[in-house]
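Read-outs throughout are calculated quantities, based only on the coordinates presented, and are distinct from any laboratory measurement. On a predicted model such as this, the values are computed, not experimentally measured, just so you know.
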Amino acid sequence: MAYTEKIKEMSMMSLICSCLYPQTSYPTTNYQFGDLEVKPINKRLSGQSFEVILKSPTDLSPDRPSPLASPPALTSPPKRDISLDELQGRLEAAEERRKSQEAQVLRHLAERREHEKEVLHKAMEENNNFSKMAEEKLNSKMEAKKANREAYLNSLKQRLREKEMHAAEVRRNKELQADLSG
């Protein structure tokens, strides 16, 4: 199964080459890279494995330079003497940079404070507007409820009057009937 998957992954040319020139043995030569020695190991046919051997620092030859020494191209050039005028100019430039940076920080803080004031003022306005709107809404609701209550009470009074008038009429009719029958 693994062999068929590997063949699917290989390109057609490498497949033909591997069929025509099978490589069953790997070279047994050792390679040297400075302090390293690399030996190929032929353990598997599916790939290669290597043994890497590090030499100890005592095996290094004495004529070879120390690996910690820096190459001459990377060393910095010798410093030149700075004159008093040049030093004074640098100090003045540094003072100017410090002052400009301080002014920029103060400007930024002032802008931030101004923004905070604007936000606070806007929040207070919105709160006041909300309070006014809520109060107006509450007043209108209370007036509407008061009007509805008065209308309800008036309708109850009207029905009560109608009932009293009806009761009076029924009493009169009853008295008339009692007078006629009696």
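Taken along its principal axes, the alpha carbon cloud of segment 107-182 reaches lengths of 110, 7, 5 Å, longest axis first. A full extension of the chain between Ala93 and Glu114 corresponds to an added length of 4.4 nm, given 0.36 nm per residue minus the alpha carbon distance. Scattering from segment 131-170 was approximated by placing one identical point on each alpha carbon and applying the Debye formula without solvent; log10 I(q)/I(0) at 0.14, 0.22, 0.24, 0.34 1/Å stands at -0.48, -0.69, -0.74, -0.95. The stretch between Ala167 and Ala103 holds 13.6 nm of extra length on full extension. This uses 0.36 nm per residue minus the Cα-Cα distance.
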